[in-house]
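A.B. asks: This is the structure I have questions about; it appears just below.
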Amino acid sequence: KSKIRIVCFTNGTTLTDKKILVSLRLLDECCVKLDAGWKRVNLPCVAYNPRSLVPELKKIKNLVLQSCFFEGSATNTDADSINTWIAEIQHTKPRRIDIYTLSRRTPTRGLRPASPSTLKKIARLLKKTIGVPVRIFE
């Protein structure tokens, strides 16, 4: 067996396509980006509602969720955004959750990276409520 791992990174907009969903199950990991407070800053090429992805995410056994957190002119680190996001993802049963912050300028002015202490607080809350490994990328 090959030691090369095959991973897909996706924003999830095509997960409702059964052929794509079946193909993703064959990979070592399927990393799906699903941010808290998504309405404020995500501008996908096609219109979709990330909440509609949750039933599809439940079908992916090799699921890794990836979420970016930020503060400033818009934020998704407030209690409401975090609690809503956790409620939406808690039943997806991801293998792992990767959280990170901004590492470059964004098209939305006034955004800044979430602090390391904020990311650690989110990770602790995730571990407590969802109980899966969480990786932090600062």
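The values are calculated or read from the model by the stated rules, or taken from the named source; none is laboratory data. Only a predicted model underlies this, so the values are computations on that prediction, with no experimental measurement involved. All Cβ positions, even for glycine, are placed from backbone atoms using ideal geometry, and neighbour counts span all protein chains on display. When the accessible area is computed, the model is the full protein with side chains, heavy atoms only, and any ligands, DNA or RNA have been set aside. Shrake-Rupley method; radii C 1.70, N 1.55, O 1.52, S 1.80 Å.
A.B. asks: Restricting segment 57-92 to residues that are part of a loop (DSSP other than H, G, I, E, B) and in contact with a strand residue (DSSP E or B) (Cβ under 7 Å, 6 or more places away or on another chain), which is surrounded by the most Cβ atoms within 10 Å (Cβ to Cβ)? Full working, then the answer.
C.D. replies: In the first step, residues of segment 57-92 are kept if they are part of a loop (DSSP other than H, G, I, E, B); the result is 58-62, 73-78, 90-92.
Remaining after also requiring in contact with a strand residue (DSSP E or B) (Cβ under 7 Å, 6 or more places away or on another chain): 60, 62, 73-74, 76-77, 92.
Details: Ile60: 22, Asn62: 16, Ser73: 13, Ala74: 16, Asn76: 25, Thr77: 19, Thr92: 21.
Out of the qualifying residues, it is Asn76.
A.B. asks: Does Thr106 meet the test of being among the hydroxyl-bearing types (Ser, Thr, Tyr), open to solvent by 40 Å² or more (accessible area, probe 1.4 Å) and assigned to a loop (DSSP other than H, G, I, E, B)? So that I can check it myself, show each step before the final result.
C.D. replies: On the way: among the hydroxyl-bearing types (Ser, Thr, Tyr): yes; open to solvent by 40 Å² or more (accessible area, probe 1.4 Å): yes; assigned to a loop (DSSP other than H, G, I, E, B): yes.
Spelling it out, Thr106 is indeed among the hydroxyl-bearing types (Ser, Thr, Tyr), open to solvent by 40 Å² or more (accessible area, probe 1.4 Å) and assigned to a loop (DSSP other than H, G, I, E, B).
A.B. asks: Across segment 109-138, what is the total count of residues that are of a type in the set (Lys, Arg) and not in a helix (DSSP H, G or I)? Outline the logic, then answer.
C.D. replies: We begin by selecting, within segment 109-138, every residue of a type in the set (Lys, Arg); these are 109, 112, 120-121, 124, 127-128, 135.
Checking the rest, the ones that are also not in a helix (DSSP H, G or I) come to 109, 112, 135.
So the answer is 3.
A.B. asks: Can you run down the residue pairs with Cβ atoms below 7 Å, 6 or more apart or on separate chains, where the first is in segment 1-19 and touching a residue at least 12 places away in the same chain (Cβ under 8 Å) and the partner is exposed (fewer than 13 other Cβ atoms within 10 Å of the Cβ)?
C.D. replies: Arg5/Asp28; Ile6/Asp28; Val7/Asp28; Asn11/Pro44; Thr13/Pro44; Thr13/Val46
A.B. asks: Residue by residue through segment 109-124, note down the ones that are without any contact (Cβ under 8 Å) to a residue 12 or more places away in the chain and either in contact with a strand residue (DSSP E or B) (Cβ under 9 Å, 6 or more places away or on another chain) or open to solvent by less than 40 Å² (accessible area, probe 1.4 Å) (or both).
C.D. replies: Going residue by residue through segment 109-124, those that are without any contact (Cβ under 8 Å) to a residue 12 or more places away in the chain are 117, 121, 124.
The answer is Arg124, and nothing else.
A.B. asks: Now for a different question. Tally up the residues in segment 93-103 that are open to solvent by 50 Å² or more (accessible area, probe 1.4 Å) and over 30 Å from Arg25 (Cβ atoms), please. Steps first, please.
C.D. replies: In the first step, residues of segment 93-103 are kept if they are open to solvent by 50 Å² or more (accessible area, probe 1.4 Å); the result is 93, 95, 100, 103.
In the following step, the residues that additionally are over 30 Å from Arg25 (Cβ atoms) were identified as 103.
Within segment 93-103, residues that are open to solvent by 50 Å² or more (accessible area, probe 1.4 Å) and over 30 Å from Arg25 (Cβ atoms) number 1.
A.B. asks: I'd like to verify a number: residues in segment 23-56 that are in a helix (DSSP H, G or I) and modelled with pLDDT of 90 or more, how many? Working first, answer last.
C.D. replies: Initially, segment 23-56 is screened for residues in a helix (DSSP H, G or I), giving 23-24, 38-41, 50-56.
Now restrict to residues that are modelled with pLDDT of 90 or more: 23-24.
Number of matching residues: 2.
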